[in-house]
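Since every read-out is calculated from the coordinates, none of them should be taken as a lab result. Everything numeric here is computed off the predicted structure, so don't read it as measured data. Backbone-built Cβ (ideal geometry, glycine too); neighbour counts: all protein chains shown.
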Amino acid sequence: MARIVVLGGDGFCGWPTALKLSAEGHQVAIIDNLSRRRIDAELGVESLTPIADMPERIAAWKRVSGKTLAFANIDIAHDYEGLRDYLADFAPQTIVHFAEQRAAPYSMKSSWHKRYTVDNNVNATHNLLAAVVESGLDVHVDDQGISIQGNG
């Protein structure tokens with residue numbers, strides 16, 4: 001099985017992807033800056049279904065599956081060294097990239113919100129690609145979370 005990093009693994013797409021890959025027997029690490037939670041608080045909104053914090057989610061997954069998920073709180077748009085070092089340490093074969101700020105309606109609130117969204121989304125992808133190159137890892141980057149294959 002493969003070592004897989006799920007960027008944005010606290011999100012709507014990232015969390016179920018991480019669980020699916022873990023259930024398939026892959027060694028999964030989640031990297032997320034938890035910004036969605038801060039933005040929801042700023043907007044005064046919350047999910048219809050309560051979403052536990054990451055330690056609780058990871059513990060619940062361990063209880064029901066017996067499997068472990070790793071987690072790192074890294075802002076990949078602004079902590080390039082943290083991302084690069086984590087990737088070099090974990091040495092994934094695959095990276096699933098869901099680490100983007102959803103644009104609407106947040107980016108429409110103000111000029112600052114628009115700049116934050118673009119900065120986050122563009123810098124996150126740029127830093128990911130630069131870190132993969134600099135690390136020298138032979139890694140597959142997938143932005144759809146599908147067709148993950150790995151034999152180790």
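Working from the Cα coordinates of region 32-73, the gyration tensor eigenvalues give, after taking √(5λ), semi-axes of 24, 13, 5 Å in decreasing order. Pairs of Cα atoms in the chain fall into 5 Å distance bins, from 0 up to the last occupied one, in shares of 2, 9, 19, 22, 20, 15, 9, 4, 1, 0 percent. Of the GluC sites (Glu not before Pro) found in region 1-73, those that fall in a DSSP loop while having at most 15 other beta-carbon atoms within 10 Å are Glu24, Glu46. The mean sequence separation of alpha-carbon pairs under 8 Å and at least six residues apart, normalised by the residue count of region 3-142, gives a relative contact order of 29 percent. Does region 45-133 classify as rounded, prolate or oblate by the C-alpha gyration tensor (a ≥ b ≥ c root eigenvalues; a/c under 1.5 gives rounded; else a/b over b/c gives prolate, otherwise oblate)? Oblate, since a/c reaches 1.5 and b/c is not below a/b.
Mind checking which aspartates and glutamates have their C-alpha under 18 Å from Lys62, skipping anything on the same chain fewer than 8 residues away? Lys62 reaches Asp10, Glu24, Asp53. This model, with +1 at the C-beta of Lys and Arg and -1 at the C-beta of Asp and Glu, gives the chain a dipole about its Cα centre of some 420 debye. Taking each DSSP H run with n ≥ 4 as -39500 (n - 2.57) and averaging over every residue of the chain yields -14000 deg cm²/dmol at 222 nm.
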